[in-house]
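Step one of this worksheet: look at the structure below.
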Amino acid sequence: MKPIRFNRAAVTGREAEYVTRAIAEGPIHGDGPFTKACHEWLERLTGSPKALLTTSCTHALEMSALLLDLREGDEVIVPPFTFVSTVNAVVLRGARPVFVDIRPDTLNIDESAIEAAITSRTRAILLVHYAGVACEMDRIMAIAERHGLTVIEDNAHGLFGTYKGRQLGTFGALATLSFHDTKNLSCGEGGALMINDERYVERAEIIREKGTNRTRFYRGQVDKYTWCDVGSSYLPSDILAAYLLAQLESHDRIQSRRHALWNRYYEALAPSADAASVRLPIVPEHCGHPAHIFYMLMPTLEARTRLLAALREQLILAVFHYQPLHLSDMGQRLGGREGQCPVTEDVCDRLVRLPIFYQLTDDDQARVIDAVTAAWSAQA
Ligand SMILES: Cc1ncc(COP(=O)(O)O)c(C=O)c1O
């Protein structure tokens, strides 16, 4: 029996050719010709006025925190059901993350609980569109406007996701993308900062280039470049951009395969999910999702442990996801305590993600579906 892995980065055909071209033609440092082409693709695909490739989504989040000038005494509202980078970006600047629990349906920040968490120190709402299913953006943007807060979208999962027909990552002043190899499109490690408020553009270019105006120098707008501000090295080599360009050009193929896989899981598992007390993903009608994650919520932690073991016996790797950040060692040092975010605490124990990736074959997916339904019947 052949093992079925949880994920494998998509390879669509032209990656090696473009990387070879980048090496042959140069320059291969950041902001070369392939990076520029990726920027144009990302701006066209999303409608964001400005894309800047970064070395990771983590770094795009750190850039966002620098752009907001977050500092000690500031507070940022975040969900505890996310990857550590979302929150680290805030903590690295000495600001305090204020955890607001998630909704039980979409697993996104509970917009009805945000206002109670706002204080005179709150600067921003940093949200995550889990699995690329949108947060309730109308409500969140209205709250932000009412309280003068900046919205940052951690859109690591959500390239191609939509809310009421509009692309995710175009609502907040800033949004971040990930091209880590677990994401729908990837270059191994990579990301992007999407800037929807033009006031941030010039400073973002400076922060990304070690605090210098080298980007303006390359464009011929200044005759030498100099140290202007704080910053670091957040731009990837053009070799990585060449790889990513091949993926952007093939996004239709990648996305349509992922949607076919996602829909097949849903259709095959839905008929028996209720009887097994399993909850499948919920995508509200006004949201378009990018088929990034196919998850299930098992009835209990024990049921999840049994399911993962049963799949492992069939050489199928399924995995859980985030652990509640407020209960991590660092989260507890920041004051997190059990019972603070009950939905997150419950969901983290019960969530399972099934293999979903471009190269997953129909036969292998059928094996996963059979193994899941067999495990459910054995548990009934
Ligand atoms: C919600 C979220 N934000 C940020 C990241 C970090 O992305 P990267 O690995 O590109 O830094 C991840 C990683 O999976 C994530 O899930």
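The values are calculated or read from the model by the stated rules, or taken from the named source; none is laboratory data. Note that the structure is a prediction, hence the values are computed from the model and not measured. We place every Cβ from the backbone using ideal geometry, glycine too, and count neighbours over all the protein chains shown. The accessibility values were calculated without ligands, DNA or RNA, using every heavy atom of the protein model including side chains. Shrake-Rupley method; radii C 1.70, N 1.55, O 1.52, S 1.80 Å.
Report whether or not VAL98 is touching a residue at least 12 places away in the same chain (Cβ under 8 Å), more than 16 Å from the chain's Cα centre (by Cα) and within 16 Å of the ligand (Cβ to nearest atom).
Working: touching a residue at least 12 places away in the same chain (Cβ under 8 Å): yes; more than 16 Å from the chain's Cα centre (by Cα): yes; within 16 Å of the ligand (Cβ to nearest atom): no.
Taking the combined requirement at face value, the residue does not satisfy it.
Contact annotation: no residue pair with Cβ atoms under 6 Å, 6 or more positions apart or on different chains, pairs a residue in segment 238-255 that is at pLDDT below 95 with a partner that is open to solvent by 10 Å² or more (accessible area, probe 1.4 Å).
With respect to ASP229, is the statement that it is part of a helix (DSSP H, G or I) and either over 30 Å from PRO33 (Cβ atoms) or not hydroxyl-bearing (Ser, Thr, Tyr) (or both) true?
Working: part of a helix (DSSP H, G or I): no; either over 30 Å from PRO33 (Cβ atoms) or not hydroxyl-bearing (Ser, Thr, Tyr) (or both): yes.
Taking the combined requirement at face value, the residue does not satisfy it.
Kindly indicate whether any position in segment 171-179 is closer than 30 Å to VAL19 by Cα and assigned to a loop (DSSP other than H, G, I, E, B). Checking segment 171-179: at least one residue is closer than 30 Å to VAL19 by Cα and assigned to a loop (DSSP other than H, G, I, E, B).
Which members of segment 151-162 meet the condition of being away from the ligand (no atom under 15 Å from the Cβ) and either assigned to a strand (DSSP E or B) or without any contact (Cβ under 8 Å) to a residue 40 or more places away in the chain (or both)? Hits for segment 151-162 are VAL151, THR162. Of the set (1) buried (at least 24 other Cβ atoms within 10 Å of the Cβ); (2) within 19 Å of PHE81 (Cα to Cα), all apply to VAL151 but (1).
Close Cβ contacts (under 9 Å, 6 or more residues apart or on different chains) running from residues in segment 76-88 that are farther than 13 Å from VAL347 by Cα and among the hydroxyl-bearing types (Ser, Thr, Tyr) to residues that are more than 8 Å from the ligand (Cβ to nearest atom) and in a loop (DSSP other than H, G, I, E, B) comprise THR86/PRO79. Residues in segment 323-353 that are part of a loop (DSSP other than H, G, I, E, B) and under 13 Å from PRO79 (Cα atoms): GLN323, PRO324, GLY336, GLN340, CYS341.
Just one of (1) within 12 Å of the ligand (Cβ to nearest atom); (2) assigned to a helix (DSSP H, G or I) trips up ALA142, so point out which. Against the list (1) within 12 Å of the ligand (Cβ to nearest atom); (2) assigned to a helix (DSSP H, G or I), ALA142 comes up short only on (1).
Screening LEU334 with (1) open to solvent by 60 Å² or more (accessible area, probe 1.4 Å); (2) under 28 Å from GLN247 (Cα atoms); (3) not hydroxyl-bearing (Ser, Thr, Tyr) gives one miss only, at (2).
Residue check: is ILE293 in contact with a helix residue (DSSP H, G or I) (Cβ under 9 Å, 6 or more places away or on another chain), within 30 Å of GLN167 (Cα to Cα), assigned to a loop (DSSP other than H, G, I, E, B) and at pLDDT 95 or above?
Working: in contact with a helix residue (DSSP H, G or I) (Cβ under 9 Å, 6 or more places away or on another chain): yes; within 30 Å of GLN167 (Cα to Cα): yes; assigned to a loop (DSSP other than H, G, I, E, B): yes; at pLDDT 95 or above: yes.
Answer is yes for this residue.
Within segment 163-181, take every residue that is open to solvent by 10 Å² or more (accessible area, probe 1.4 Å) and under 22 Å from ALA10 (Cα atoms) and give me the one that is farthest from the ligand (Cβ to nearest atom). The qualifying residue farthest from the ligand (Cβ to nearest atom) is ASP181. Pairs are defined by a Cβ separation below 6 Å, a sequence spacing of at least 6 or placement on different chains, a first member in segment 164-187 that is small (Gly, Ala, Ser), and a second member that is near the ligand (Cβ under 9 Å from one of its atoms); the pairs so defined are GLY169/ASN155; ALA175/ASN155; SER178/CYS57; SER178/ALA156; SER178/GLY191; SER186/PHE179. Taken over segment 190-199, the criterion of being open to solvent by 20 Å² or more (accessible area, probe 1.4 Å), in contact with a Pro (Cβ under 8 Å, 6 or more places away or on another chain) and in a loop (DSSP other than H, G, I, E, B) is satisfied by ASN196 alone. Picking from residues in segment 41-94 that are open to solvent by 10 Å² or more (accessible area, probe 1.4 Å), over 22 Å from ALA246 (Cα atoms) and small (Gly, Ala, Ser), the one that is farthest from the ligand (Cβ to nearest atom) is GLY73.
Pairing residues of segment 46-70 that are in contact (Cβ under 8 Å) with a residue 12 or more places away in the chain and of a type in the set (Asp, Glu) with residues that are open to solvent by 20 Å² or more (accessible area, probe 1.4 Å) and more than 8 Å from the ligand (Cβ to nearest atom), at Cβ distances under 7 Å and at least 6 apart in sequence or on separate chains, gives GLU62/LEU92.
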